[in-house]
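Heads up: the structure comes next, in structure tokens.
Bear in mind that the values in this text are calculations on the coordinates, not laboratory data. Bear in mind that the values here come from a model prediction, so they are computed numbers and not experimental data. Note that each Cβ is placed from the backbone with ideal geometry, even for glycine, and that neighbours are counted across all protein chains shown.
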Amino acid sequence: MKHIQVEQFLQEKAKHAGKVTAGVGYDVMNIQLKAGESIAEHSASGEVLIVCRQGRVKFHVEGQETELDAQALLMLDPNEKHSLEAIEDCEIIVVRLK
């Protein structure tokens, strides 16, 4: 068992993106954004699972737009180009499969 504590950074700074942990075949990232902040278009070579723990965030994926909140998950295929923008202060967990 591995218990991983995820810290809150938005009180101290505007934007945070950092690796929480990694293992054989995966990386786990924590991204925290204030409303209006964004992350430019990028892609990952493996599948990506995105969990919104708090707030709302808008994703632009290959010309389509979707909103994510704590009631939904987003799964991206390998090499799918995407960008995101925080609608509200948000925290998302990103699991990148290698």
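Peptides 78-85, 51-58, 90-97 ranked from most to least packed, by the mean per-residue count of other Cβ atoms within 10 Å: 90-97, 51-58, 78-85. Placing unit charges on the Cβ atoms of the charged side chains and taking the dipole of the chain about its Cα centre, the candidate lying farthest along the positive direction among 68, 16, 51 is 16. Over segment 16-97, Cα pairs under 8 Å with separation of 6+ residues give a relative contact order of 42 percent.
Simple point charges give the picture: +1 on the Cβ of Lys and Arg, -1 on the Cβ of Asp and Glu, and for the chain a dipole about the Cα centre of about 380 debye. For the chain, the pair-distance distribution built from all alpha carbon pairs, in bins 10 Å wide starting at 0, is 16, 51, 29, 3 percent.
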